[in-house]
1. Note down all Cβ pairs under 7 Å where the first residue falls in region 139-154 and is on the phi > 0 side of the Ramachandran plot, the second is surrounded by fewer than 19 Cβ atoms within 10 Å (Cβ to Cβ) and in a loop (DSSP other than H, G, I, E, B), and they're at least six residues apart or on different chains.
2. Give just the number: which of (1) small (Gly, Ala, Ser); (2) at positive phi; (3) touching a Leu at 6+ places or on another chain (Cβ under 8 Å) does Ser80 not satisfy?
3. Look at region 204-253 and say how many of its residues are touching a residue at least 12 places away in the same chain (Cβ under 8 Å), assigned to a strand (DSSP E or B) and not acidic (Asp, Glu).
4. Spot the failing condition for Ala166; the list is (1) without any contact (Cβ under 8 Å) to a residue 24 or more places away in the chain; (2) under 26 Å from Leu30 (Cα atoms), and only one is missed.
5. Restricting attention to region 279-290, does a residue exist that is crowded, with 18+ Cβ neighbours inside 10 Å, closer than 30 Å to Ala155 by Cβ and either out of contact with any strand residue (DSSP E or B) (no Cβ under 8 Å at 6 or more places or on another chain) or modelled with pLDDT under 95 (or both)?
6. Run down Arg179, Arg164, Arg242, Arg170 and say which single residue is at negative phi, buried (at least 18 other Cβ atoms within 10 Å of the Cβ) and either of a type in the set (D, E, K, R) or at pLDDT below 90 (or both).
7. So which of Pro192, Pro156, Pro199 is surrounded by fewer than 17 Cβ atoms within 10 Å (Cβ to Cβ), under 23 Å from Phe27 (Cβ atoms), touching a helix residue (DSSP H, G or I) at 6+ places or on another chain (Cβ under 8 Å) and not basic (Lys, Arg)?
8. May I ask you to verify whether Thr187 is surrounded by fewer than 19 Cβ atoms within 10 Å (Cβ to Cβ), free of Cβ contacts under 8 Å to residues at least 60 places away in the same chain, in contact with a Pro (Cβ under 9 Å, 6 or more places away or on another chain) and of a type in the set (Ser, Thr, Tyr)?
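The values are calculated or read from the model by the stated rules, or taken from the named source; none is laboratory data. Keep in mind the model is a prediction, meaning the values are calculated, not measured. Glycine gets a Cβ as well: all are built from the backbone with ideal geometry, and neighbour counts include every protein chain shown.
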Amino acid sequence: MPPTRPTPTQEGADMPRSLIRKNPSDFKTLPLFVEATPEGLNYQSIGMPLNFAQTLHKRRQVTVTDTERFSLELANLGVSVRLTLNWHGRDYWVLVRQRRQDRGDVVLKLISGYVPAHEINLPLHTAIQEIAEECLLETPEGWLSGRFNETWLPAPYSAALHYREALPFRLTPLSGAARPVRCGTQTLLERPRGYVHLPTASLQLIYDLRLEVPKEAKSLSLFHVDERLEGDQLVARLDRKRPDLYLMPLSDGQPCAELYTLHKDRLHSASTRGLYLAESFAHQEGWVVREERIRWKDWLIQQGLSAPRKASGLQRLTGKARQIFRKVVKTKSPL
């Protein structure tokens with residue numbers, strides 16, 4: 001059963017709301033030793049646990065001469081989720097906006113986070129936790145709980161938000177990557193895609209999961225919650241004015257060059273002007289990704305996509321207004 005929930009409280013509609021505060025020194029992760037071959041990638045932890053500041057210090061550029069076969073010491077293990085949301089019979093990729101303080105940029109990225117030391121051999125657990133922390137689904141009756149197969153997701157903000165016990169969303173794994181990633185001798189569950197990100201000396205794993213919203217959940221809104229370092233604390237805030245969670249529609253499993261936010265069951269088109277995507281969207285060569293980020297326009301070219309054409313003034317008119325417009329034009333036409 002899910003954790004117990006508090007009774008609903010009146011939430012401010014405009015002010016960003018602090019949901020939880022953490023001491024960043026409580027987080028510990030482990031550096032890695034990675035061995036890559038054309039057949040697979042193996043990693044294991046080395047050394048002593050590092051706090052967040054120590055990990056950032058080790059995330060410096062590394063190089064390889066052969067992208068298919070190499071051995072490296074890396075700063076940390078990161079995990080991401082390519083989350084496919086099924087809503088009203090259509091699939092969407094879920095992206096979140098993040099200001100990356102360690103890299104000084106703003107990107108749209110997959111739901112992601114650092115893998116703590118105690119979960120180095122079970123990064124799938126971290127991935128599910130990141131969904132619970134970063135992707136919030138709201139209905140008028142409260143925030144949706146979630147399940148992965150038969151396991152309830154945590155409710156990290158239960159002290160501040162009212163979670164619904166009924167109608168949980170469901171997470172299920174999609175097909176895994178062709179080449180295995182192993183922690184020691186253990187092949188990782190659900191076969192995530194793996195790559196070494198050279199600029200940050202990190203191993204990144206991407207899980208492919210599907211999220212199904214219950215049909216009974218009406219007037220759905222989506223919000224992203226991210227932690228930011230404020231003074232000596234990590235603070236998670238909910239800002240209704242900046243939902244920061246975006247949907248990219250899929251057609252026959254392939255992404256479309258469109259972005260939307262979802263508020264009370266209505267999709268709202270989002271601007272892609274000057275947009276950058278995180279490095280997980282950049283070209284992967286063997287086991288390696290070299291880029292820090294990729295421009296939206298460059299990613300469209302890479303995928304063979306074209307941006308949707310803007311509707312003309314006539315196309316934007318309603319059907320009734322379009323009929324009136326055509327009658328006026330016809331009346332004014334010369335014989």
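1. Partner pairs satisfying both residue conditions: Gly142/Pro8; Gly142/His162.
2. Status for Ser80: all satisfied but (2).
3. 25
4. Here Ala166 clears every test but (2).
5. No: region 279-290 contains no residue that is crowded, with 18+ Cβ neighbours inside 10 Å, closer than 30 Å to Ala155 by Cβ and either out of contact with any strand residue (DSSP E or B) (no Cβ under 8 Å at 6 or more places or on another chain) or modelled with pLDDT under 95 (or both).
6. On the way: Arg179 fails: buried (at least 18 other Cβ atoms within 10 Å of the Cβ); Arg242 fails: buried (at least 18 other Cβ atoms within 10 Å of the Cβ); Arg170 fails: buried (at least 18 other Cβ atoms within 10 Å of the Cβ).
Only one candidate passes the filter, namely Arg164.
7. Details: Pro192 fails: surrounded by fewer than 17 Cβ atoms within 10 Å (Cβ to Cβ); Pro156 fails: surrounded by fewer than 17 Cβ atoms within 10 Å (Cβ to Cβ).
On inspection, the qualifying residue turns out to be Pro199.
8. Working: surrounded by fewer than 19 Cβ atoms within 10 Å (Cβ to Cβ): yes; free of Cβ contacts under 8 Å to residues at least 60 places away in the same chain: yes; in contact with a Pro (Cβ under 9 Å, 6 or more places away or on another chain): yes; of a type in the set (Ser, Thr, Tyr): yes.
Criteria met by Thr187.
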